[in-house]
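The values are calculated or read from the model by the stated rules, or taken from the named source; none is laboratory data. Being a predicted model, the structure only gives us computed values, none of them experimental. Here the Cβ positions follow ideal geometry from the backbone for every residue, glycine too, while neighbour counts run over all protein chains shown. Accessible surface areas use protein heavy atoms only, side chains included; no ligands, DNA or RNA. Shrake-Rupley method; radii C 1.70, N 1.55, O 1.52, S 1.80 Å.
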Amino acid sequence: MEKAKIEKYGNELYEALKNQKTIEPITSRELDCTIEDAYAIQHHFLARRLADDKSKIIGKKIGVTSKVVMDMLGVHQPDFGYLLSDMIYNDGDVIDVTNSMIQPKAEGEIAFVLKEDLMGPGVTTADVLRATKFVMPCFEIVDSRIKDWKIKIQDTVADNASCGYIVFGGQFANPRDIDLMTCGITLERNGELLHTGAGAAALGSPVNAVAWLANTLGEFGVGLKAGEVILSGALCAMVTIQAGDNMTINIGGIGSASCRFV
């Protein structure tokens, strides 16, 4: 895709974010849009945010880690996006979705906080565990600037992997002390249990997901840095949210995270 179109779609996504609007799917207008094109659009979208919002990159996220979502999008690998400093909320915070989001959904995940750099290729799960300072429960509040969530993989990649906000739990754990593959998760909305899952939902283990990201980015000369937060992928189904909802997740051996939406 030529540079002018990459900039056009990156600008469209940025304006949609700022004005709480949606755009028509990029893939419905560019039938030959590739994954590489989508990441180029993501890069331009991200550059606009960093320049105009005065935010900074604090980490990265992995998306499309479950087989169900891969099948839905017709792909066989995850995607990634970037976490920014203005996306962060903490356990128990109130989030104004009415005035700041378009079509939000919540996912329960495990966040890795790194104490050492990870640079692929060749990163193993043992490397990930050694480089991790701690893990903590988190909500990823995803949002799409694409109309009605009618996305293909190229659309969500261009849209910074549908990033919205992150809610970090107040507890953390040493990943070497728990089995991240079998640890269970419960997701509740307004006191009602909606979904359960386990660490294995994210590429077999959240540790596998982080290793995949390190190796994938390493092919482009990009590493995971000490101090960064890495979201490792949803452990159960996402839930549509609206003003008035109270959400809670509990992850076995790690802790909980909660938030309220207005």
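Below, the figures for the structure above:
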{"read-out": "Residue among 46, 31 that alone is closer than 15 Å to residue 161 by Cβ and among the hydrophobic types (A, V, I, L, M, F, W, C)", "value": "46"}
{"read-out": "In region 121-161, residue nearest to the chain's Cα centre (by Cα) [restricted to those that are in a helix (DSSP H, G or I) and among the acidic types (Asp, Glu)]", "value": "155"}
{"read-out": "Any pair with Cβ under 7 angstrom, 6 or more apart, that starts in region 189-209 at a residue that is without any contact (Cβ under 8 Å) to a residue 24 or more places away in the chain and ends at one that is assigned to a strand (DSSP E or B)", "value": "193/186"}
{"read-out": "Test: residue in region 92-103 that is touching a strand residue (DSSP E or B) at 6+ places or on another chain (Cβ under 6 Å), crowded, with 16+ Cβ neighbours inside 10 Å, over 29 Å from residue 244 (Cα atoms) and at pLDDT below 95", "value": "no"}
{"read-out": "Verdict on residue 221 being at pLDDT below 95, of a type in the set (Gly, Ala, Ser), surrounded by fewer than 24 Cβ atoms within 10 Å (Cβ to Cβ) and over 16 Å from the mean Cα position of the chain (by Cα)", "value": "yes"}
{"read-out": "Number of positions in region 162-194 that are in contact with a helix residue (DSSP H, G or I) (Cβ under 7 Å, 6 or more places away or on another chain) and part of a strand (DSSP E or B)", "value": "2"}
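Yes/no per residue for (1) part of a helix (DSSP H, G or I); (2) closer than 29 Å to residue 174 by Cβ; (3) at pLDDT 95 or above; (4) open to solvent by less than 40 Å² (accessible area, probe 1.4 Å):
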{"residue": "27", "(1), (2), (3), (4)": "yes, no, yes, yes"}
{"residue": "43", "(1), (2), (3), (4)": "yes, no, yes, no"}
{"residue": "61", "(1), (2), (3), (4)": "no, yes, yes, yes"}
{"residue": "68", "(1), (2), (3), (4)": "yes, no, no, no"}
{"residue": "112", "(1), (2), (3), (4)": "no, yes, yes, yes"}
